[in-house]
Structures are given as C-alpha cells and as structure tokens.
Amino acid sequence: MWPGRAEHFLERYEERVAQLIDNYSVTIGEKYIEEYMNMVASDQGHIVVRVDPGGDQYRVIVLDDTYETFTVKSIHSPYKSR
C-alpha cells in the first residue's frame with residue numbers, strides 16, 4: 001500500500017460515481033464509497049503528468065478540457081517517485 005494519503009484523479013466524475021454505486025454499494029457499503037470520493041483530487045479535466053529530469057519526482061497537472069484552450073485548473077505536487 002502507498003504510504004500517506006492517496007489522491008485520485010478522475011476524468012469523468014459522474015460516470016465513476018455511478019459505477020461505484022452500481023457495482024459496489026451492496027458489497028462494500030456507502031461509507032467506503034464516501035471515503036473513496038473524499039480522496040478525489042480532481043473530478044474533471046485532462047490529466048498531465050510531468051516528471052522532473054532524473055525522474056526523482058513528478059507533478060500532476062489538471063487542465064480544463066471544456067474548451068480547446070486547456071487552461072490549468074490545478075497543480076498537485078511534488079510527488080516522490082518510487
């Protein structure tokens with residue numbers, strides 16, 4: 001298991017939530033789904049991973065894909081590579 005808090009980046013939030021509820025709500029319960037959704041760092045957009053020279057760490061950049069300008073919505077960093 002990855003040490004520390006996990007962050008999840010979803011491209012299609014609504015579809016993923018519907019999948020979780022349809023497939024797992026009976027077996028794992030609503031509490032788990034709620035805990036999982038609290039780990040979502042981004043729920044929509046184009047996801048770019050930029051690795052630093054040497055590969056020691058990387059950044060996750062979320063772009064707004066509503067328009068073709070792809071403006072930066074958020075930057076999540078730095079993460080240490082394993």
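The values are calculated or read from the model by the stated rules, or taken from the named source; none is laboratory data. Since this is a predicted model, take the numbers as computed values, not measurements. Positions of Cβ are backbone-derived with ideal geometry, glycine not excepted, and every protein chain shown enters the neighbour counts.
Where residues in the range 43-63 are among the β-branched types (Val, Ile, Thr) and within 12 Å of the chain's Cα centre (by Cα), which of them is surrounded by the fewest Cβ atoms within 10 Å (Cβ to Cβ)? The selected residue is Val49.
The set of residues in the range 62-82 that are in contact (Cβ under 8 Å) with a residue 40 or more places away in the chain and among the hydrophobic types (A, V, I, L, M, F, W, C) contains only Val62. The set of residues from the range 45-80 being farther than 15 Å from Glu7 by Cβ and of a type in the set (S, T, N, Q) comprises Thr66, Thr69, Thr71. All conditions but one from (1) surrounded by 11 or more Cβ atoms within 10 Å (Cβ to Cβ); (2) in the same structural domain as Leu10 (by TED's automatic domain parsing) apply to Asn38; the one that does not is (1). Among residues of the range 48-60 that are in contact (Cβ under 8 Å) with a residue 12 or more places away in the chain, those with a Cβ under 7 angstrom from a residue that is acidic (Asp, Glu), sequence gap 6+ or separate chain, pair up as Tyr58/Asp52.
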